[in-house]
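Participant: Got a structure here, written out as structure tokens. Questions coming.
The values are calculated or read from the model by the stated rules, or taken from the named source; none is laboratory data. The shown structure was predicted, so the numbers you read here are calculated from the model rather than taken from an experiment. No Cβ is skipped: glycine too gets one built from the backbone with ideal geometry, and neighbour counts run over all protein chains shown. Remember, those area values only see protein heavy atoms, side chains included, never the ligands or the DNA or RNA. Shrake-Rupley method; radii C 1.70, N 1.55, O 1.52, S 1.80 Å.
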Amino acid sequence: MFFALFSFLPILLTERLGVSSQSAGGLSALAAAGNVLGNLAAGNLLARGVSRIVLIAVAAFVMGASALGIFLPLLGGWGAFWLCLLFSATGGLIPATLLATAPAAAGSAAMVPVMMGLLMTGSNFGQVTAPIAVGAVVSAWGWGAACIMVVAAAILAGLAAWVLARGDHKRVGEASDPA
């Protein structure tokens, strides 16, 4: 979801806010920095015992809801930018949570590298395919159509959290060692 939006954020900001390319680049960097804060927050929340499943589900929901205001002309340009900040910061909860969950989900120490490799492969796949898919959709139907893709990805992430929740709660969902 993150790369589906942030690959096009400077262009979106230029169109929605009417700012220069240079300003759009600076605003995009500011929004991307929010993702760092989300990653750090996830580590803190996991250390305090917040459920991994809750973090993933809440982040997916907030990102999907934010996408509606970002891609659809519901708000002015600055409102959409504030939602980009929220989208980015909340989105940072997911990778940190998944990386912290991998050892518990792997089941054995020997499978941890395999699990980490699968996570990295999935991330790389999204980095390559999301901008291409969003670009094609935006070219064909406009910015509003991009929100359908991001909302669909948010629903899939929420479903993944639900599937994870139906598994071994003690081992993965509520593991005592967050790292």
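Participant: Quick one: Karplus J couplings for the stretch 66-80, per residue in order, coefficients 6.51, -1.76, 1.60, θ = phi - 60°, nearest Hz, x for Gly and Pro?
Facilitator: 5, 4, 4, x, 7, 8, 8, x, 7, 10, x, x, 5, x, 5
Participant: Here's another thing I want to ask about it. How many percent of the alpha carbon pairs in the stretch 1-132 exceed a separation of 18 Å? The partial results should precede the final answer.
Facilitator: On the way: 5011 of 8646 pairs.
Summing the P(r) of the stretch 1-132 above 18 Å gives 58 percent of all pairs.
Participant: Further, regarding this structure: What ranking do 44-50, 91-97, 78-84, 131-137 get when scored by the average of other Cβ atoms within 10 Å per residue, highest first?
Facilitator: Descending packing order for the listed peptides: 91-97, 78-84, 131-137, 44-50.
Participant: In deg cm²/dmol and to the nearest 500, what is the mean residue ellipticity at 222 nm of the chain if only DSSP H runs of at least 4 residues count, each as -39500 (n - 2.57), divided by the residue total?
Facilitator: Using -39500 (n - 2.57) per qualifying helix, the result is -27000 deg cm²/dmol.
Participant: Please arrange R16, R52 by accessible surface area, largest first, computed with a 1.4 Å probe and ligands excluded.
Facilitator: R16, R52
Participant: Then there's this: From the backbone phi of the stretch 89-102, what are the Karplus-calculated ³J(HN,Hα) couplings (6.51 cos²θ - 1.76 cosθ + 1.60, θ = phi - 60°) in whole Hz, Gly and Pro given as x?
Facilitator: Coupling constants for the stretch 89-102: 5, 5, x, x, 5, 6, x, 5, 5, 5, 5, 6, 7, 3 Hz.
Participant: Please report the Cα spread of the stretch 12-85 along all three principal axes, rounded to whole Å, starting with the longest.
Facilitator: In descending order, the Cα extents are 43, 24, 12 Å.
Participant: Expressed in nm², what is the orientationally averaged projection area of the convex hull enclosing the Cα positions of the stretch 8-50?
Facilitator: Average of the hull's projected areas for the stretch 8-50 equals 3.4 nm².
Participant: Another question, then. Considering all projection directions equally, how large on average is the shadow of the alpha-carbon convex hull of the stretch 60-156, in square nanometres?
Facilitator: Spelled out: convex hull of the Cα atoms, projected over all directions, averaged, 6.5 nm².
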